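**Q** I have a structure I would like to understand better, so I am pasting it below and will then ask my questions one at a time.
The values are calculated or read from the model by the stated rules, or taken from the named source; none is laboratory data. Predicted, not measured: the structure shown is a model, and the values here were computed from it. With ideal geometry, Cβ positions are generated from the backbone for all residues, glycine too; neighbour counts draw on all protein chains shown. The accessibility values were calculated without ligands, DNA or RNA, using every heavy atom of the protein model including side chains. Shrake-Rupley method; radii C 1.70, N 1.55, O 1.52, S 1.80 Å.
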Amino acid sequence: MKKYQKPTAYAVETKDQRFAGTFEVLVPVPDRVKPHRIAGQFPTMQAAEGWLHSDEGQDAIAELFAKEKGR
């Protein structure tokens with residue numbers, strides 16, 4: 001049996017038609033139905049995933065989890 005793992009962030013195509021053709025990074029947070037949208041719009045999936053794995057992206061995600069844990 002697998003133990004609970006912290007949800008991981010992922011990049012997806014933006015659903016908002018105003019930003020059609022762009023990508024965004026979503027972060028699932030425990031005790032929340034919808035994932036948080038983090039960072040801005042990215043022109044390509046590679047750019048979004050690159051930001052996600054960068055130091056800036058990892059820091060932003062860690063900060064989000066710390067803020068949610070403090071609630």
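**Q** So for the chain, Kirkwood radius off the Cα pairs, Stokes-Einstein at 4 °C and 1.567 mPa s: how many µm² s⁻¹? Each step should come with its number before you reach the end.
**A** Numbers: Rh = 12.9 Å.
Diffusion coefficient, whole number: 100 µm²/s.
**Q** Under a point-charge model restricted to the Cβ atoms of Lys and Arg (+1) and Asp and Glu (-1), what is the dipole moment magnitude of the chain relative to its Cα centre, in debye to the nearest 20? Numbers along the way, then the final one.
**A** Working: 11 positive and 10 negative charges, 100 e Å.
Dipole size: approximately 480 debye.
**Q** Per the 1.4 Å probe, what fraction of the accessible area of the chain, in percent, lies on carbon and sulfur atoms? List each step's numbers first, then the result.
**A** On the way: 2930 of 5550 Å².
After summing per-atom areas, the C and S share lands at 53 percent.
**Q** Which Cα, out of Gln46, Ala66, Ala20, lies furthest along the positive dipole direction of region 2-67 (beta carbon charges, K/R +1, D/E -1)?
**A** After comparing all options, I get Ala66.
**Q** Given the rule -39500 (n - 2.57) for each run of at least 4 DSSP H residues, summed and divided by the residues of the chain, what is its mean residue ellipticity at 222 nm, to the nearest 500 deg cm²/dmol? Before the final figure, lay out each step's value.
**A** Values: 2 runs with 24 residues, N = 71.
Counting only the DSSP helices, I get -10500 deg cm²/dmol.
**Q** Another question, if that's okay. Against the longest alpha carbon principal axis of the chain, how many degrees, from 0 to 90 and to the nearest 10, is the axis of helix 55-69 turned?
**A** The helix 55-69 is inclined about 50 degrees to the chain.
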